[in-house]
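Questions regarding the structure given below will be posed in turn.
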Amino acid sequence: MKKNLEFPPRYFTYLKKRECRNCGKPIADQEHAGRTYCPKIYDEYDKVVDCKTTLARINDQPDRDLHRNLINEQKFFSNRIKALVEKKGLEVYTDDLTAYDIKLSNAVNMNLTRDGILTTYFFNYSIISNPITNKHKIQYNG
Ligand SMILES: [Zn+2]
């Protein structure tokens, strides 16, 4: 029987079960110990494919996602406030805010004066709250 001789011998083992931190492809035991990503390779267009760089780029993304979430959240509250104003007018009670899922703590910004008047700023609206009367004046800021 003819022996299949390959030189240099190219065999890889995966006993250490290392995986690329980006794409999860197995990393051969023959790769150096510190390797945590696929080796850098060049694709058919000579563009570098590098899992380490790719992952770094993905890790930048949460910032953008966070920003988008914040905008979506504010749009949500804007719509809730709009619906509340249409139903109840520009002066409402804490119970009304609660009924419309409007949480003052979700405001973009807030200001508390010495006499305890809290102004919370949402996209398009600000709400001026009197904690003693539990009344809230809603202002449309456009
Ligand atoms: Zn990879």
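Values in this text are rule-based calculations from the coordinates and carry no lab data. Here the structure is a predicted model, which means the values were calculated and not measured. Please note: Cβ atoms are built from the backbone with ideal geometry, for glycine as well, and neighbour counts cover all protein chains shown.
Got a sec to turn the phi values of segment 27-42 into Karplus ³J(HN,Hα) couplings, 6.51 cos²θ - 1.76 cosθ + 1.60 with θ = phi - 60°, whole Hz, x for Gly and Pro?
For segment 27-42, the Karplus-derived couplings read 9, 4, 4, 6, 5, 5, 4, x, 6, 10, 10, 4, x, 5, 10, 10 Hz, x marking Gly and Pro.
State the answer as a single residue: which of Leu15, Gly89, Phe122 lies farthest towards the positive end of the charge dipole of the chain, with beta carbon charges of +1 for Lys and Arg and -1 for Asp and Glu, about the Cα centre.
The residue sitting most towards the positive pole is Leu15.
Can you tell me the 0 to 90 degree angle between the C-alpha axis of helix 61-88 and the longest principal axis of the chain, rounded to 10?
Helix 61-88 sits at roughly 20 degrees to that axis.
How large is ³J(HN,Hα) for each residue in segment 100-105, as worked out from phi by the Karplus curve 6.51 cos²θ - 1.76 cosθ + 1.60 (θ = phi - 60°), to whole Hz, x for Gly and Pro?
Ordered by residue, 3J(HN,Hα) equals 9, 6, 8, 9, 4, 5 Hz.
For a quick check: with amide H placed at 1.01 Å from N, whose amide H comes under 5 Å from Phe122's, ignoring anything fewer than 5 positions away on the same chain?
Under 5 Å from the amide H of Phe122: Val108, Ile127.
For the chain, just say rounded, prolate or oblate: build the C-alpha gyration tensor, square-root its eigenvalues into a ≥ b ≥ c, call rounded for a/c under 1.5, and beyond that prolate if a/b exceeds b/c, oblate if not. Walk me through the intermediate numbers first.
Details: a/c = 4.68, a/b = 4.26, b/c = 1.10.
Taking the square roots of the gyration eigenvalues as a ≥ b ≥ c, the chain is prolate.
Moving on. List every residue whose amide H lies under 5 Å from the amide H of Arg18, counting only residues 5 or more places away in sequence or on a different chain, with H placed 1.01 Å from N in the peptide plane.
Answer set, sorted by chain and number: Ile27.
Answer rounded, prolate or oblate for segment 62-140, using the Cα gyration tensor with square roots of eigenvalues a ≥ b ≥ c: rounded when a/c is under 1.5, else prolate when a/b is larger than b/c, else oblate.
Here segment 62-140 falls in the oblate category.
Please label the shape of segment 18-59 as rounded, prolate or oblate, based on the square roots a ≥ b ≥ c of the eigenvalues of the alpha-carbon gyration tensor (a/c under 1.5 means rounded; beyond that, a/b larger than b/c means prolate, else oblate).
Values: a/c = 2.31, a/b = 1.32, b/c = 1.74.
In terms of gyration-tensor shape, oblate.
What FRET efficiency comes out for Thr13 versus Leu66 if R0 is 35 angstrom and r is the Cβ-Cβ distance? Round to the nearest 0.05.
Values: r = 42 Å, r/R0 = 1.19.
My answer for the efficiency is 0.25.
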